[in-house]
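Down below is the structure, laid out as structure tokens.
None of the figures in this text is laboratory data; all of them are computed from the coordinates on show. All figures in this text were calculated on a predicted structure; none of them were measured in a lab. Because the Cβ atoms are built from the backbone with ideal geometry, glycine has one as well, and the counts that use them run over all protein chains shown.
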Amino acid sequence: MDICSEKCINPELVEKTAKQMPAPDTIFGLAETFKALSDASRVKIVTALLHHEHCVCDLSALCGQSESAVSHQLRLLRALRIVKNRRQGKRVYYSLDDDHVRTLIQMTLDHITYQQI
């Protein structure tokens, strides 16, 4: 088993770590972000946006999904501030919300690639 063979709580370390942990609402937001990124179709969209912005039509072609399905996923990703949009005339272009999201995705890709070596 992967548990301690005897109970050995380190009260000082537990207290120090508890003070360093994020607030409950921050933990919830983190869980929601990872939950959103646990869906393969949303990950396809996010990785398609890693280097270039795209409209729904582009993303539909890149991800092999209907425009309606992509649009539905983009609404969820926007609500979690993973992606953002900008309007140019009659077109709406999507991109990753900020460099933090880009870094999270790239670091995760690097982590997975490293494990496969």
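Points worth noting:
- Arranged from fewest to most other beta-carbon atoms within 10 Å of their beta carbon, Glu67, Glu6 become Glu6, Glu67.
- As a length-normalised measure over Cα pairs under 8 Å and 6 or more apart, the relative contact order of segment 24-116 settles at 27 percent.
- Answer label for Cα Rg over 2.2 N^0.38 Å (calculated), chosen among [x] 1.42; [y] 1.36; [z] 0.94: [x]
- Using Cβ point charges alone (K and R +1, D and E -1), the dipole size of the chain about the Cα centre works out to roughly 640 debye.
- Segment 1-15 and segment 45-105: distance between their alpha carbon centers, rounded to Å: 44
- Here the sum of -39500 (n - 2.57) over DSSP H runs of 4 or more residues, divided by the residues of the chain, equals -19000 deg cm²/dmol at 222 nm, to the nearest 500.
- For segment 35-82, alpha-carbon Rg over 2.2 N^0.38 Å: 0.99
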